[in-house]
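Each remark here refers to the structure printed beneath this line.
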Amino acid sequence: MFRRTFCLNNNRFTVIKPRKRQDPDYHDFDPESAVAADSPRDILFKPYINVPQNQLDAAILAEMNSKKIVGVAAAFIRDNRVVWANGYGWSDLEKEKLVTPDTIFRIASISKTITATALMQLWECGLFNLDDDISIYLGYMVRNPKYPSAKITFRMLLTHTSSILDFGGYEQALGSPQPPLLRDLLVPGGKAYSEKTWGDFLPGTQFVYSNFGFGIIGALVEMISGKRFNDYTIRHIFWPLGMDAGYNAADIVNFHKIAVLYKTSGGGKFYPACDYFQTGERPARKEYKLPLGNYYIGPAGAVRASVLDLSKFMIAHMNGGLYGGVRILQKHTADLMHQMHWYGYGMEGFFRYIGLSFHITDALAERRLTGHAGEACGLVSDMYFDCDEKIGVIFMTNGGYYEFLSSGYTDIEEAVINTLFKTFAGPPGSTIRVITTILNDNKILVNGRIIFYPVLPDLGMEDLYVPAITIADALETTIEFDKEIDMLILTKGVTVIRAKIGDARLEANHNTIALSSQIYLKHGFVMLPLIIVSKLLDACVYCNPVMNEINITLRP
């Protein structure tokens, strides 16, 4: 059953049709999947030979066995290091190869966070602005034909709000041995151009998950850096972090550790859907003959990495861009990527909030986590961390008879991830939140994390009015907007705060709080009184008139 879906941007309120969680990056037998048409179709599930060493092993193996999961690798990260990692089951059913923490998986849409990191490295060098028109950098005009005067920006691509869809020419290019030039997909008159590529909404006003959008980001990395996308990411992300990883299987040093991805064929049987290298030999590295700015298929989901190597990338993001003395991003850039840039109801509610490519969720481990999930060719994958506690988890399975739950995650994901947090983390919601903002500044600090205001605050008679999306991020509330009644709703625990645009009052659990001015919009953002909302959530607030500073402490 579809629920109403809303997005607020640029003074426009629009209804969004939700989509199921899916990563349609690859067809079963696309040229890069290394799966031949005559590959085996009915491989029997095999009992695990793993011997549980403790209760945690026993619990994970029991969950896997109940759902006939082929293999699982997972890691838990705390204090900037991996405190636990293990593998279970099979990386290759036919060859009876076991999964270990070093097993390499094609991680699907977690790749988007790496693609976005490559782009943001160029951003922090001052080579473009997030709200620039991407046409300037691609060298040709990119416009939704239904809204020809509206530019499409980097920020829109990073937040899935560009109106560029995964249909039309892109869908056909996925299975093509000779993909067309990107220009031919985006410019009218191109041989692969299609009206189906474009959503029926103004760019920047709706969320529709777009793999093609992240393919375009890969092309932009090439155009701005002057380097091939694969080469750029190897030299600027994977090598510096010491990762045996890449967007091309031929680039993996320990190629023999790549897991086969399996889809189910019924009756407890499986068939290989990706990375099935029948001869066991490394595939030849494909000669990349297209001009720079045309690598648009791999960036959305083609990275191969192990949970141990991916943990290095996640630790860097948890630690403000720094891992083991190597910096891949400046702290302010990493923080900007992790903060809320959009809220609403996308993919049947799986996406409620998003940063710059980073998914923000309240659906796992009873806490707010930041990262990304992936699903393709039978694989399900996750990389999520708690920005306050600096703890995180990485999970991968290469196939099984799992089921999707109402949260949008699978039963095996939830079972393993929740078990790992209960085992290695403290109780949820146990961290004190210390929040500081200075009048006339462009940011707010939350436990040292920077959240930049999307629009500058306004000093009212009794309070500082800031964007509601910033309040939700800083105070860790949920946020939703009801278009029909122009009502914004913040929720934390048992406290529900309602703010109606145009009213000079707030409602908190049916109590009315009078305001000296009306709730209003500023460049499409609902503005709310920071001090009053904080106190309604039982926070301690101290205003320092000497420093022009507001200090907020929110205890569990």
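Taking 0.36 nm per intervening residue step and subtracting the Cα-Cα distance, what contour gain separates K535 from L98 on full extension? Spell out each step's value before the answer.
Working: separation 437, 0.36 × 437 = 157.32 nm, distance 5.36 nm.
Fully extending the segment from K535 to L98 adds 152.0 nm.
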Item to complete: State, as an integer percentage, the relative contact order of segment 433-554 based on alpha-carbon contacts under 8 Å between residues 6 or more apart.
Response: 25 percent
Item to complete: Can you tell me the order of 58-65, 546-553 when each peptide is scored by its average per-residue count of other Cβ atoms within 10 angstrom, highest first?
Response: 58-65, 546-553
Discussion item. Which of R433, R367 has the fewest other C-beta atoms within 10 Å, and how do the rest follow up to the most?
Written reply: R433, R367
Worksheet item: Can you give the helix-only mean residue ellipticity at 222 nm for the chain, where every DSSP H stretch with n ≥ 4 adds -39500 (n - 2.57) and the sum goes over all residues, rounded to the nearest 500 deg cm²/dmol?
Response: -5500 deg cm²/dmol
Response to the item:
Note to self: C-alpha centroids of segment 80-128 and segment 285-320 sit apart, in Å, by 9 Å
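Show me the ranking of peptides 502-511, 100-109 by mean Cβ neighbours inside 10 Å, starting with the highest. Please list the in-between numbers first.
Working: 502-511: 13.2, 100-109: 24.6.
Most protected by this proxy first, the peptides run 100-109, 502-511.
Starting from 0.36 nm per residue, how many nanometres of slack lie between N319 and S66 once their C-alpha separation is accounted for? The partial results should precede the final answer.
Values: separation 253, 0.36 × 253 = 91.08 nm, distance 3.69 nm.
Between N319 and S66, full extension yields an extra 87.4 nm.
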Item to complete: Give the Debye-formula value of log10 I(q)/I(0) at each listed q (0.06 Å⁻¹), with one equal scatterer per alpha carbon of the chain, two decimals each.
Response: -0.29
Worksheet entry | Entries of K422/K483; K443/K535; K331/K483; K257/K331; K331/K390; K112/K289 with Cα pairs more than 26 Å apart | K422/K483; K331/K483; K257/K331
Item to complete: Rank I110, L308, L490 by how far each Cα sits towards the positive end of the charge dipole of the chain (+1 on Lys, Arg Cβ; -1 on Asp, Glu Cβ) and give me just the farthest.
Response: I110
Practice prompt. On each of the three principal axes of the Cα atoms of segment 433-554, give max minus min coordinate, whole Å, ordered largest first.
Written response: 40, 30, 23
Discussion item. For Cα pairs less than 8 Å apart in space and 6+ apart in sequence, what is the mean separation divided by the residue count of the chain, i.e. the relative contact order in percent?
Written reply: 18 percent
Fill in: Where labels lie 7 Å past Cα in the beta-carbon direction, separation of R228 and C543 in nm
6.0 nm
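Please state, to two decimals, what the Cα-based radius of gyration of segment 162-282 comes to when divided by 2.2 N^0.38 Å (N = residues). Don't jump to the answer; show the numbers that get you there.
Values: Rg = 18.0 Å, N = 121, 2.2 N^0.38 = 13.6 Å.
In units of the 2.2 N^0.38 Å rule of thumb, it is 1.32.
Ranking request for peptides 210-221, 305-316: highest mean number of other beta-carbon atoms within 10 Å first, then the rest in descending order. Walk me through the intermediate numbers first.
On the way: 210-221: 26.2, 305-316: 24.7.
Packing order, densest peptide first, comes out as 210-221, 305-316.
None of the figures in this text is laboratory data; all of them are computed from the coordinates on show. Since this is a predicted model, take the numbers as computed values, not measurements. Neighbour counts are summed over all protein chains in view; Cβ atoms, including those assigned to glycine, are modelled from backbone coordinates with ideal geometry.
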